[in-house]
Amino acid sequence: MQLSLARFREFVREPEAVFWVFFFPILLAAGLGIAFRHRPPDLLRVGVVASAPGAAALAHALSSDTRLAPQLLSDTAAATALRRGSVALVVVARGQATSDSVDYLYDETRPEGATARLIVDDAVQRAAGRHDPVPVAEQHVHERGARYIDFLIPGLLGMNLMGSGIWGLGFAIVDARKKKLLKRLVATPMSHVEYLSSFLVLRLVLLVFEVVMLVGFGVLAFGVPLRGSLVQLAVITLLSALCFGAMGLLIASRTRTTEGVSGLMNFVMLPMWIFSGVFFSSSNFPAVLQPFIQALPLTAVNNALRANMLQGTGLGALWWEIAIIGAWLVVSFVLALKLFRWK
């Protein structure tokens with residue numbers, strides 16, 4: 001108990017640590033939530049080569065589509081704009097009439113380029129007199145749980161659990177070792193099991209505030225749904241916090257300098273920042289990488305959090321994610337106990 005109280009006092013006396021654990025994720029969620037809030041689709045900027053015959057008529061035809069923002073450009077300016085990404089597509093008219101042929105210049109690997117190609121061609125064909133034989137109607141549906149902010153909040157929660165667990169615990173232990181504090185503790189009637197466990201107790205105390213503040217902000221500010229059981233959400237976050245805390249203990253078990261532990265932490269966390277689907281889906285990566293990606297603890301945490309919060313999935317259906325988190329927790333903590341050194 002005294003060790004846990006000491007850990008808590010050390011934490012609250014560091015305003016920087018309090019900010020990064022509690023307030024930075026909220027500011028990040030607010031900024032990204034506002035940037036990607038529900039709003040009308042952005043106009044696709046399209047360049048029309050002004051020197052081509054019929055350029056003015058073509059630009060007028062494209063302006064009739066509310067999704068496009070055509071602009072007349074010289075040959076050089078159009079090529080430069082396309083290269084820099086200022087326009088999604090360049091159109092070159094090959095005749096005076098709108099029914100004459102046109103050329104499309106675009107990068108097919110860019111999603112906005114492929115989209116602009118379809119929309120521009122639709123506008124060109126309609127201007128030339130095309131009529132669709134099948135009448136269609138549109139219904140726009142905006143469902144909570146399918147927005148970017150709904151995807152983002154569980155990812156930020158997982159990232160915060162990882163960062164506060166690994167950085168918070170690892171740096172504290174290495175800093176104490178560097179200042180010779182651990183060397184003095186050897187003379188006390190305390191085992192390294194008790195010492196390391198006090199850090200995990202601190203993580204459990206801070207966990208309540210981390211989850212409530214970030215998830216509560218997402219629900220109140222952006223209407224992020226909580227479709228699953230709150231008790232099961234608490235179980236997932238508890239296991240996740242213990243898992244990343246154990247990984248932090250393992251990284252710091254023998255490291256002697258803050259520079260060394262910083263490098264090790266970045267080495268461990270960088271793949272998860274990139275591959276584990278914090279800001280975008282991990283399914284975007286090639287299939288050959290998926291076994292490695294799905295075995296990462298942050299991937300399992302993010303998948304479990306999103307399934308619980310957005311889909312209402314129970315723990316029974318998340319047994320694979322829970323098993324991955326539990327395996328990382330047990331292996332990391334056992335190795336940390338075996339490898340830990342006071343000096």
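Taking the alpha-carbon centroid of each part, what is the distance from the stretch 234-263 to the stretch 52-117 in angstrom?
Answer, in whole Å: 53.
Find which of G163, G228, V136 sits farthest along the positive direction of the dipole of the stretch 96-233, computed with +1 on the beta-carbon of Lys and Arg, -1 on that of Asp and Glu, about the Cα centre.
G163
Name the most mobile residue of G31, G170, G155, meaning the one with the largest mean-square fluctuation, in a Gaussian network model of the chain with Cα contacts below 10 Å.
Of G31, G170, G155, the Gaussian network model singles out G31 as fluctuating most.
With a ≥ b ≥ c taken as the square roots of the eigenvalues of the C-alpha gyration tensor of the stretch 231-299, please select rounded if a/c is under 1.5 and otherwise prolate if a/b is larger than b/c or oblate if it is not?
It is oblate, given that a/c is not under 1.5 and a/b is not larger than b/c.
Residue separation times 0.36 nm, minus the C-alpha to C-alpha distance between T76 and F8: what's the value?
The span from T76 to F8 would gain 18.2 nm if fully extended.
Can you compute the charge dipole magnitude of the chain about its Cα centre, using +1 on each Lys and Arg Cβ and -1 on each Asp and Glu Cβ, nothing else charged? Give it in debye, rounded to the nearest 20.
So the dipole magnitude of the chain works out to roughly 1840 debye.
To the nearest 20 Debye, how big is the dipole of the stretch 123-186 about its Cα centre, given +1 on the beta carbon of each Lys and Arg and -1 on that of each Asp and Glu?
On the way: 10 positive and 5 negative charges, 192 e Å.
Result for the stretch 123-186 is approximately 920 debye, rounded to the nearest 20.
Quick one: if the Förster radius is 41 Å, what FRET efficiency do A295 and L105 give, using the C-beta to C-beta distance and rounding to 0.05?
That pair, A295 with L105, gives E of 0.45.
Farthest toward the dipole's positive end in the chain, which of I26, W273, S198, given Cβ charges of +1 (Lys, Arg) and -1 (Asp, Glu) about the Cα centre?
Highest projection toward the positive end goes to S198.
Hey, what do the phi angles of the stretch 304-316 turn into as Karplus ³J(HN,Hα) couplings, whole Hz, using 6.51/-1.76/1.60 and θ = phi - 60°, x for Gly and Pro?
5, 5, 5, 5, 6, 6, 9, 10, x, 6, x, 5, x
For the chain, rounded, prolate or oblate, judged on the Cα gyration tensor with a ≥ b ≥ c (square roots of eigenvalues), a/c < 1.5 rounded, else prolate if a/b > b/c?
Prolate.
A short reminder: the numbers here are calculations on the coordinates, not readings from a lab. Please read all numbers here as calculations on a predicted model, not as lab measurements. Using ideal geometry, Cβ is built from the backbone for each residue, glycine included, and neighbour counts are taken over all protein chains shown.
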